[in-house]
Amino acid sequence: QAGEAVMKYVACIVLVVGFGQAAIAQQLQSDAGIVRACFSNTPVGALYPTCLGEASGQCQEQSGGSTTVGIAECISSETAAWDAILNEEYRATQAALEEQDSAGGAQILDRTDALREAQRAWLTFRDADCTARYAIWQDGTIRTIVGANCHLTMTASRAIELRDMRGF
């Protein structure tokens, strides 16, 4: 679901800026290995990984990567890698919570239901917040980069939060 939202956002970016530049941007890809290493090296409790943006930065060094469309495409490509990690962490955290729920004992709330509802609310908030940031900058071409960067930052942060939830 989150991956679909990222892809829809990227599609909107491409349509808004124009098809001519989009042909160049569609070839741009961030290195998912850099993102995975970044995630692995981010300490427990970190709000944001210090290496956030490294993969999209390297992507921007490619031909066409320094245009507004190219930068947004590179950021969105890194976001897609973080989104894959987020989904893995969500499933792992849900499994850990399911195990706790199955262990017995006094249970006031179903942990997996609570996380599912929280994740749905978070997705809605992330998309609304990033749309608001885009709208604030709508009069300039920076709006595309601001919106894409918002998705990147929030998605990476949430992936780390989900991982850290299993430290209970």
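Some values worked out for this structure:
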quantity	calculated
Virtual spin-label span in nm between Ala114 and Gln100, 7 Å along Cα→Cβ	0.7
Loop-located GluC sites (Glu not before Pro) in segment 45-111, at most 15 other Cβ atoms within 10 Å (DSSP)	Glu61
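Readers should treat all values here as calculations from the given coordinates under stated rules, not as data from a laboratory. Remember, it's a predicted structure, so these values are computed and weren't measured experimentally. Note: ideal-geometry Cβ built from the backbone for every residue, glycine included; neighbour counts use all protein chains shown.
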